[in-house]
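The values are calculated or read from the model by the stated rules, or taken from the named source; none is laboratory data. Remember, it's a predicted structure, so these values are computed and weren't measured experimentally. When we count neighbours, we look across all protein chains shown, and the Cβ atoms used for this are built from the backbone with ideal geometry, even at glycine. Side chains are part of the model used for accessible areas, which takes the heavy atoms of the whole protein and leaves out ligands, DNA and RNA. Shrake-Rupley method; radii C 1.70, N 1.55, O 1.52, S 1.80 Å.
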Amino acid sequence: LEDYVIGVIGAEMPAEFNTEALKAQAVAARTYALKRLLLGATISATISDQAYNTTDQLKKKWGSSFDKYYTKIKNAVLATKGEVLTYNGSYIEALFFSTSNGRTEDSVNVWGNSFPYLKSVDSPWDTNERSYSGSKQISISDICSKLGVSISSINDISIKSKTAGNRVKEVTFGGKSFTGVKVRTALGLKSADFDVSQSGNNIIFTTRGYGHGVGLSQYGANGMAKAGYSYKQILTHYYTGVSIVT
């Protein structure tokens, strides 16, 4: 299990990150894996579960820095050996993502499932990261085909409401209503927190944050670690009301 967690962190989080952030990721990754195993599920080595790199893959990825980074991550994993996150005595859904828009998202707004520990919390540490802002230009014809709508300009797009995590809750294209999550998925946007503008026959989606926004923000965790927070403080900030147990 601990070797597996090393491979997950090597794939999921930059090795340059602060050790306390790596420890937080280790506890989250371990919890995620154990909960999936308890449910009898097969865990894929991709982001549909959590990414994983073999030692050979990490050697290719890190090159001459392999020994330094592997040792750093291994030490972070072993420092938290066996530690998991629970709520009312059961493993939590230890979800994580890259970068928040300044807040995390309530899981109910993304998947429709409400968990007391996956609520929207402040995450101001992400806002100075390169991964915070993004932009994607998509032709109006592409939008029509991907969403099954008929629009001719930005005037046919209207953001109706926002979620607790300040992401788009409802948006209409030509009068047809979508969730921000649905639009993010269909159009391949980095985040469901987006604004729209127009350039010629293209709509520009300006995004804030990267990922689904639920649970632990990886760049937020690194920001907290750099500000002096411990991995346990990081975990209990992003996962509301959880316990860290061995």
Q: Find the eigenvalues of the gyration tensor of the Cα atoms of segment 43-137, then list the square roots of 5 times those eigenvalues as equivalent ellipsoid semi-axes, largest first, in whole angstrom.
A: 28, 21, 14
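Fully extended, how many nm does the chain gain between Lys162 and Asp49 (0.36 nm per residue separation, minus their Cα-Cα distance)?
This chain segment gains 37.9 nm when fully extended.
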Q | Peptides 205-212, 111-118 ordered by average Cβ neighbours within 10 Å, highest first | A | 205-212, 111-118
Q. With +1 on each Lys and Arg Cβ and -1 on each Asp and Glu Cβ, how big is the dipole of the chain about its Cα centre, in debye rounded to the nearest 20?
A. 80 debye
Q.
Just to confirm the filter: which trypsin sites (Lys or Arg not before Pro) across segment 75-121 are DSSP coil and have at most 14 other Cβ within 10 angstrom of their Cβ?
A. Lys81
Q.
Rolling a 1.4 Å sphere over the protein heavy atoms, what is the accessible area per residue of the chain, to the nearest Å²?
A. 45 Å²
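Between Rg and the Kirkwood Rh of segment 147-246, both from Cα atoms, what is the Rg to Rh ratio?
1.12
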(Q) With Kirkwood radius over Cα pairs in Å as the read-out, I listed (1) 19.0; (2) 20.4; (3) 19.5; which label goes with the value calculated from this structure? (A) (1)
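State whether segment 128-201 is rounded, prolate or oblate according to the following rule on the C-alpha gyration tensor (a ≥ b ≥ c being the square roots of its eigenvalues): a/c under 1.5 gives rounded; otherwise a/b larger than b/c gives prolate, and the remaining case gives oblate.
Oblate, because a/c is 1.5 or more while a/b does not exceed b/c.
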Q.
Students often forget the sequence filter, so: which lysines lie under 17 Å Cα-Cα from Lys35 once same-chain residues fewer than 8 apart are removed?
A. Lys81
